[in-house]
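What follows is one structure encoded as structure tokens, with my remarks underneath.
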Amino acid sequence: MTRTKVPTVFLDRDGVINRRIMADYVTCLAEFQLLPGVLEAIARLTRAGFRLAVVTNQRGIAVGRMSRTDVDRVHRHLSECVAELGGHLAEFYVCPHDRDEGCGCRKPDPGLLDQADRALAVDWEASFLVGDSDSDIRAGAARGVTTVKVAGRGEAIADHYAADLPEAVAWILDRLEGGSPV
Ligand SMILES: [Mg+2]
Ligand SMILES: [Zn+2]
């Protein structure tokens with residue numbers, strides 16, 4: 001039986017959806033600040049027919065800055081905010097490991113993308129990843145999705161560069177022929 005493959009947009013979280021906290025982690029809801037325009041941008045991707053999956057390294061769990069429950073609480077809140085604007089963000093793939101654990105899911109490894117693929121098969125060629133770090137771009141490139149980097153250029157070569165998530169989404173939607181990802 002062949003599995004239906006779904007065009008997916010993988011979204012990094014910190015620095016793409018919410019303000020990144022330099023040299024620390026978002027440990028609780030009070031520290032979670034949405035960036036401008038992201039809820040509407042996510043709703044636009046949903047309306048275009050994409051499945052959306054957040055893929056996020058949360059090493060703060062490994063080093064004891066927060067618990068998985070704290071992270072899940074933030075994600076429930078984000079899902080609710082997205083839903084209020086008509087978007088759908090149900091999938092969160094989190095790497096809770098430290099750098100030296102060799103887990104395979106910590107970006108730049110593509111393990112989180114593979115987790116999404118196991119839940120619901122990804123149409124890699126029709127899929128995108130938006131991230132603000134080289135590690136995001138490398139994870140996306142490892143599976144052949146089209147990568148969009150926000151917040152400036154780094155060492156990894158992305159397929160496209162955008163100022164922020166709303167601009168990245170506008171570019172992704174511009175690329176769709178007939179307005180649908182498939
Ligand atoms: Mg990030
Ligand atoms: Zn991991």
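Compute the accessible area per residue over region 81-130, keeping the other protein chains in place, probe 1.4 Å, unit Å².
Ligands and nucleic acids excluded, the result is 47 Å² per residue.
Averaging sequence separations of C-alpha pairs under 8 Å and six or more residues apart, then dividing by the length of region 8-177, give the relative contact order as a whole percent.
24
Find how much the distance from Ala23 to Asp174 grows on full extension, using 0.36 nm per residue of separation minus their present alpha carbon separation; answer in nm with one decimal.
Stretched out fully, the Ala23 to Asp174 stretch lengthens by 50.9 nm.
Can you work out ³J(HN,Hα) from phi for every residue in region 9-19, in order, using Karplus 6.51 cos²θ - 1.76 cosθ + 1.60 and θ = phi - 60°, giving whole Hz and x for Gly and Pro?
Values, residue by residue: 10, 8, 10, 5, 9, 5, x, 10, 9, 10, 4 Hz.
Counting helices only, and only those DSSP H runs with n ≥ 4, report the 222 nm mean residue ellipticity of the chain as the sum of -39,500 (n - 2.57) divided by its residues, in deg cm²/dmol to the nearest 500.
-9500 deg cm²/dmol
How many times 2.2 N^0.38 Å is the alpha carbon radius of gyration of the chain?
With N residues counted in the chain, Rg over 2.2 N^0.38 Å equals 0.96.
Please give, to one decimal in nm, the separation of the simple spin-label points placed at His88 and Arg153, each 7 Å out from Cα toward the Cβ.
3.8
How large are Rg and Dmax for region 1-42 when only the alpha carbon atoms are used, in Å?
Over region 1-42's Cα set, Rg and Dmax evaluate to 14.7, 47 Å.
To check you understand DSSP bridge types, tell me what percent of the beta bridges within the chain (both residues inside) are antiparallel, rounded to 5.
Beta bridges within the chain, antiparallel portion: roughly 5 percent.
If each of Arg76 and Ala119 carries a label point 7 Å out from its Cα toward its Cβ, how far apart are those two points in nm?
Each label point lies 7 Å from its Cα, and together they span 1.6 nm.
Report, to the nearest whole %, how much of the accessible area of region 51-182 belongs to carbon and sulfur atoms, 1.4 Å probe, protein only.
44
Could I have the simple spin-label model distance between Ala48 and His160, label points 7 Å from Cα toward Cβ, reported in nm to one decimal?
It works out to 0.6 nm between the two label points.
The values are calculated or read from the model by the stated rules, or taken from the named source; none is laboratory data. Here the structure is a predicted model, which means the values were calculated and not measured. Note that each Cβ is placed from the backbone with ideal geometry, even for glycine, and that neighbours are counted across all protein chains shown. Surface areas here come from the heavy atoms of the whole protein model, side chains and all, with no ligands, DNA or RNA. Shrake-Rupley method; radii C 1.70, N 1.55, O 1.52, S 1.80 Å.
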